[in-house]
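Engineer: I'd like to ask you about the structure that follows.
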Amino acid sequence: MQESRLEKTNSRFGRRTLVSAFLIFVIIPATILFGVYALDDRKYYFISLLIILYTMLPFAMVFEKRKPQARELIVIAVLSAIAVAGRAAFFMLPQFKPVAAIVIIAGVSFGPEAGFLVGATTGFVSNFFFGQGPWTPWQMFCFGIIGFIAGLLFRKGWLRKKRLSLSVFGGLATFVIYGGIINIGSMLMFTPTLSREALIATYVSGFWFDLIHAAATAIFLFILSKPMIEKLDRIKLKYGLIDR
């Protein structure tokens, strides 16, 4: 009986992961590009809301066999609020923000779906303070995908709850994944035509910004990851949050 239940749980996790991966790596990029080319980058609110809708679908599958508890959703909302507040608190330091670090902690603590949800929501909500624009869907996608990958790697055992492991992953993920994708978005905001010369120029001009962002993520993870993850683990154990 217990083995059968475990197999069903693993099956559900597999379906969730496949749905999440399809939405994140296929549907969301296609939606962003649809906004760029078909809507002339003018309907970024609409595209942002679509991304949030896509993000909620796999997260809702966590609760396919039971009703969600309010406290489970509150913890996710609080993590998003902390990330938004952290971005606002460091507004005077360009790129030196704790957002990616908190998103990674969310993914490690509550799974890849929650990581993407926290990242995408943070990108959308925080831009009500920093300014909404065609860059918002790109930031939502970049923050979200880092949280998703962090949760996935942790589930697979390839990422550990150690400061050094999280800091190295966070720095590399922010520089390579966030920087790599957001630079493409920056280029498409100025020209809809992809060219190698324009892409190289965009990466070169954004190198130091991406490096500072990556260093900030590594530093914040080194400082925040242990106390935050320990606290979240105690909350999960006490209240039985997020059935995996």
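Engineer: Just give me the residues in the range 153-175 being of a type in the set (V, I, T) and farther than 15 Å from V99 by Cβ, in sequence order.
Structural biologist: Selection gives V168 alone.
Engineer: As an exercise: evaluate F22 against (1) within 19 Å of R155 (Cα to Cα); (2) modelled with pLDDT of 90 or more; (3) surrounded by fewer than 11 Cβ atoms within 10 Å (Cβ to Cβ) and give the number of the one condition it does not meet.
Structural biologist: For F22, the failing item is (3).
Engineer: Only one of these conditions is not met by T31: (1) modelled with pLDDT of 75 or more; (2) surrounded by 13 or more Cβ atoms within 10 Å (Cβ to Cβ); (3) β-branched (V, I, T); (4) farther than 26 Å from M189 by Cβ. Which number is it?
Structural biologist: It is condition (4) that T31 fails.
Engineer: Sticking with this structure for a sec: Tell me, please, whether a residue that is under 21 Å from S225 (Cβ atoms) and free of Cβ contacts under 8 Å to residues at least 24 places away in the same chain can be found in the range 132-153.
Structural biologist: yes
Engineer: Let me ask something else about it. Which residue, of F130, F141, F148, is surrounded by 22 or more Cβ atoms within 10 Å (Cβ to Cβ), out of contact with any Gly (no Cβ under 6 Å at 6 or more places or on another chain), closer than 29 Å to L39 by Cα and of a type in the set (F, W, Y)?
Structural biologist: Answer to the selection: F141.
Engineer: Please return the ranges of helices (runs of 4 or more DSSP H) entirely within the range 163-242 where 2 or more residues are under 13 Å from I105 (Cβ atoms).
Structural biologist: Here the list reads 163-172, 196-239.
Engineer: Here's another thing I want to ask about it. Residue by residue through the range 53-80, note down the ones that are at pLDDT 75 or above and surrounded by fewer than 17 Cβ atoms within 10 Å (Cβ to Cβ).
Structural biologist: The answer is L53, M56, L57, R71, L73, I74, A77, V78.
Engineer: Just to check your reading of the model, which residue among A85, A114, A77 is in a helix (DSSP H, G or I), out of contact with any helix residue (DSSP H, G or I) (no Cβ under 7 Å at 6 or more places or on another chain) and either under 22 Å from L237 (Cβ atoms) or not small (G, A, S) (or both)?
Structural biologist: Going through A85, A114, A77 in turn, the sole match is A77.
Engineer: A101 passes all but one of (1) over 19 Å from the mean Cα position of the chain (by Cα); (2) modelled with pLDDT of 95 or more; which number fails?
Structural biologist: (1)
The values are calculated or read from the model by the stated rules, or taken from the named source; none is laboratory data. Just so we're clear, the structure is a prediction, and the values are computed from it rather than from any experiment. All Cβ positions, glycine included, derive from the backbone under ideal geometry; neighbour counts span all protein chains shown.
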